[in-house]
Amino acid sequence: MISILRHKQRKDDEEFDELFRSSYQCLYHHAYSLLHDVEDSRDVVSDVFVKVLEMKDSGNVNAGYLMAMVHNKALDVLKDRKVDDEARQTMLSDYQTFMLPNRHKEERLKEILQFVETELTPQTQRILRMCYDEKKSYRQVADELNISIQAVNKHISQALRKLRDKFNPQQE
């Protein structure tokens, strides 16, 4: 019985090795076409092959399935990059505002508040105030105003986009 299991394991290892050798370059090139980064592309393909190794029935994995896995993993990396870039931009903007002298900070704050009062709808102003001044969650705001969480998110997103366009137009 043990020899049968060893034989099966050896056969599985040989199939995996063949799959790896025959697919790696194509998968790498696909990842690179999406990511334009050598290390990220290698990591994506490696992660996919690790997943294949962890699968109970990796014998049924074909090139199309591997390509889809690489494609999805690469998209995840792109999403992570976007979030990192947005966080970096926000931190830079916050740092630049922090570095302004107090008088400039006060003027900037007055400009922003005036913009909020004149350019945003009363409902959007109220939602902003509840989320940022009162520190309420989107769920709490939605429940209090009897609207959906998606509506709260839409108001916040539109308000932040308008503020960004007005006060940080270079960040797009």
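We did not get these values from a lab; they are worked out from the coordinates using the rules stated. Everything numeric in this text was worked out from a predicted model, so none of it was measured. All Cβ positions, even for glycine, are placed from backbone atoms using ideal geometry, and neighbour counts span all protein chains on display.
Please compute the length gained on full extension between PHE115 and GLU86, using 0.36 nm multiplied by the number of residues separating them and subtracting their Cα-Cα distance.
8.2 nm
Taking a sphere under 9 Å around the Cβ of LYS166 and counting the other residues whose Cβ falls inside, with K and R at +1 and D and E at -1, yields a net charge of -1. Residue by residue, region 23-40 carries 3J(HN,Hα) couplings of 10, 3, 4, 4, 5, 4, 4, 5, 4, 5, 5, 8, 9, 6, 8, 4, 5, 4 Hz when phi is fed to the Karplus relation 6.51 cos²θ - 1.76 cosθ + 1.60 (θ = phi - 60°); x denotes Gly or Pro.
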